[in-house]
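In what follows, a single structure is set out as structure tokens and then discussed.
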Amino acid sequence: VQLQASGGGLVQAGGSLRLSCAASGLIFSTYNMVWFRQTPGKEREFVHSISGSGGRTAVADSVKGRFTISRDNAKSTVYLQMNSLKPEDTAVYYCAANSYWPRIRDSNDMDYWGKGTQVTVSS
């Protein structure tokens, strides 16, 4: 299984970025997909998730109203549209696959992880 995140970069506060995570080696539509983020010295933080069918989502309060998750099961890809970015959104963003929705916010309950992509928001 491979999860390949991309789309990170440097952006000014108030700007936007769109992250992508392309999956292979798994039946994509059967997995919930999750975005986490992590800054140095801190634990990995839940950001946003979407169910396998795309019909259910969960979002962290810190990004509610600014970030939107979506998925394209035909392309085995999940997206994270990030708008109105703030300096505190600076982190390495990781995508993960999960098979148990009740534990969707717990980084210990992910089945697979991708390598992260760096997002830096300048003030």
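The values are calculated or read from the model by the stated rules, or taken from the named source; none is laboratory data. The shown structure was predicted, so the numbers you read here are calculated from the model rather than taken from an experiment. We place every Cβ from the backbone using ideal geometry, glycine too, and count neighbours over all the protein chains shown. Remember, those area values only see protein heavy atoms, side chains included, never the ligands or the DNA or RNA. Shrake-Rupley method; radii C 1.70, N 1.55, O 1.52, S 1.80 Å.
For this structure, a couple of remarks:
- Lone qualifier among Arg44, Arg56, Arg37, Arg71 - being of a type outside the set (A, V, I, L, M), in contact with a Gly (Cβ under 7 Å, 6 or more places away or on another chain) and in contact (Cβ under 8 Å) with a residue 24 or more places away in the chain: Arg71
- Of residues in segment 91-105 being part of a loop (DSSP other than H, G, I, E, B) and open to solvent by 40 Å² or more (accessible area, probe 1.4 Å), the one nearest to Ala23 (Cα to Cα): Ser99
The rows are residues; the columns are (1) assigned to a loop (DSSP other than H, G, I, E, B); (2) buried (at least 16 other Cβ atoms within 10 Å of the Cβ).
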position: Gly14; (1), (2): yes, no
position: Val34; (1), (2): no, yes
position: Lys42; (1), (2): yes, no
position: Val47; (1), (2): no, yes
position: Gly52; (1), (2): yes, yes
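- In the condition set (1) part of a helix (DSSP H, G or I); (2) in contact with a Lys or Arg (Cβ under 6 Å, 6 or more places away or on another chain), Ser29 is compliant with all but (2).
- Complete set of residues in segment 78-90 that are more than 19 Å from Met110 (Cα to Cα), assigned to a strand (DSSP E or B) and open to solvent by less than 40 Å² (accessible area, probe 1.4 Å): Met82
- Restricting attention to segment 54-69, the residues that are in a loop (DSSP other than H, G, I, E, B), surrounded by fewer than 17 Cβ atoms within 10 Å (Cβ to Cβ) and either under 12 Å from the mean Cα position of the chain (by Cα) or not hydroxyl-bearing (Ser, Thr, Tyr) (or both) total 8.
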